[in-house]
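Just dropping this structure here.
The values are calculated or read from the model by the stated rules, or taken from the named source; none is laboratory data. Because the structure is predicted, anything quoted here is derived from the model rather than measured. Cβ atoms come from the backbone with ideal geometry, glycine included; neighbour counts cover every protein chain shown. What goes into the accessible areas is simple: the full protein's heavy atoms, side chains included, and nothing from ligands, DNA or RNA. Shrake-Rupley method; radii C 1.70, N 1.55, O 1.52, S 1.80 Å.
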Amino acid sequence: MVLSKAASESDVSIHSTFASRYVRTSLPRYKMPDNSIPKEAAYQIINDELMLDGNPRLNLASFVTTWMEPECDKLMMSSINKNYVDMDEYPVTTELQNRCVNMIAHLFNAPLGDSETAVGVGTVGSSEAIMLAGLAFKRKWQNKRRAEGKPVDKPNIVTGANVQVCWEKFARYFEVELKEVKLRDDYYVMDPVKAVEMVDENTICVAAILGSTLNGEFEDVKLLNDLLVEKNKETGWDTPIHVDAASGGFIAPFIYPELEWDFRLPLVKSINVSGHKYGLVYAGIGWVIWRSKEDLPDELIFHINYLGADQPTFTLNFSKGSSQVIAQYYQLIRLGYEGYRNIMENCRENAMVLRKGLEKTGRFNIVSKDEGVPLVAFSLKDHSRHDEFEVADMLRRFGWIVPAYTMPADAQHVTVLRVVIREDFSHTLAERLVNDIEKVLLELDHHPAKIQAVTSAAIFSDEKIGGNGTTVKKTALETQREITDAWKKFVMDRKKTTKVC
């Protein structure tokens, strides 16, 4: 099922000027062509279309890695034809995955003995990792409830309203109620006190976020753990914690090593992390680590032998490429602790450069915190004339992709812009972005206020002369059309008089 639309329905063919030396006829857009075309033509047609994509390096909306060293690129290309699931055929790739799992488990302070191996698995990202962790919590809760002769039909998870959409997917797909702690002004993460108050006997886990997507802030996992320990003692329950460290899992161990958020806390039973974010690998790799074997029910693990040997598997998908696993291992041994720490410290410093530059304009409130994921979330101080969505839209003229969005309930009246600082975002780019934002603000200052323009248009077109000569009110649709026409005229007039540099 196609859920997105990016082309006109009337444009049913693909045309390519530069491929005309190979083919003379256009290709159907949504049907397989009847005949083959030269490989040069296929390449050129696709390459021409891809030129219209945004520049990944200037996509400041994404946490996902957009640059790796050429040596790692070579390793990825050399292993692109290996199926990760064929463990018997590619035993070294399987070994590299196991090494990654153990390295990450030790990074998260898993309580492992000298000869004990970690429990975890590579995934296509944190979304799959969260699904697997959630299923483990649900099955453990069900097993315990059934043994006690209690119903298992109403499981729930307690989270903050700031969770990423993958948690909503898990709840809906696997029939688990999602109990969300609402946000409030100046507090845009889950409140541990309110979260623990919402826990009941049907709660399979409380999910804490180490690096909120909205503002990068780390939730207080230590306080959550302490409060939940006390509640478990009072009630006799055994409610555990899962830490969604998709963004912060490769940050906190290196620049906030004293922060207790991981397996040092007894109720933390599983942690997910995105290797393709601050793990510094291209998109397509995540990890989920369990505290011990007891936290992953055996009945969730499948054993297959039709690929040549007995192979355990616990994933939602089956086949996938090996490249990202190999790239993750490359980064872990290439950079080591020192290299990751240097990169994360540089990201944090560049975030401070951007933050100070924005504060210097006097036009923004900073919503993000100093401690957390290296990003800057900010909002306009004055919304009387223009809003964050206009700023985001105009920044695209300079090539920057900066998202504007509203906060979840109960802070949905707050709108912010967010810039994610990745390894490939330099001090110079931070300064350039501030300069471009100042240009955008200057241009917006010379525009008529959007709210005033819309209001004026609505007042002007509020009434019309009816067929019998009487004055009648226009319908909402007629009013909206007139407002739209007024804006179109305004834009066309500006195109005639404004020069773009």
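Net charge around L58, counting only other residues with Cβ within less than 14 Å of its Cβ (Lys, Arg = +1; Asp, Glu = -1)?
+2
Work out from phi, with θ = phi - 60° and the Karplus expression 6.51 cos²θ - 1.76 cosθ + 1.60, the ³J(HN,Hα) of each residue of region 189-201, listed in order in whole Hz, and give x for Gly and Pro.
Using θ = phi - 60°, the values come out as 10, 5, 7, x, 5, 5, 4, 5, 4, 7, 5, 9, 5 Hz.
Evaluate the relative contact order of region 75-334 (contact order divided by residue number), counting alpha-carbon pairs under 8 angstrom at least 6 apart; express in whole percent.
After rounding, I find 29 percent.
Probe of 1.4 angstrom, ligands and nucleic acids ignored: what's the accessible area per residue over region 125-278, in square angstrom?
On the way: 5680 Å² over 154 residues.
Here the residues of region 125-278 average 37 Å² of exposed surface.
So how much slack lies between I46 and N109, counting 0.36 nm per residue of separation and subtracting their Cα-Cα distance, in nm? Before the final figure, lay out each step's value.
Details: separation 63, 0.36 × 63 = 22.68 nm, distance 4.62 nm.
Extra length available between I46 and N109 comes to 18.1 nm.
Then there's this: What's the Kirkwood radius of region 337-446 in Å, using all Cα pairs?
Hydrodynamic radius (Kirkwood, Cα pairs) of region 337-446 is 14.5 Å.
All other residues with a Cβ under 11 Å from the Cβ of V325 taken together, and with Lys, Arg as +1 and Asp, Glu as -1, what is their net charge?
+2
Also, quick follow-up: Taking a threshold of 19 Å on the Cα-Cα distance, which of the pairs K150/K222; K39/K320; K179/K231; K82/K277; K179/K369; K138/K293 fall above it?
Listed pairs above 19 Å: K150/K222; K39/K320; K82/K277; K179/K369.
Moving on to the next point. Principal axis extents for region 75-334, Cα atoms only, whole Å, descending order, please.
Computed over the Cα atoms, the extents are 52, 44, 37 Å.
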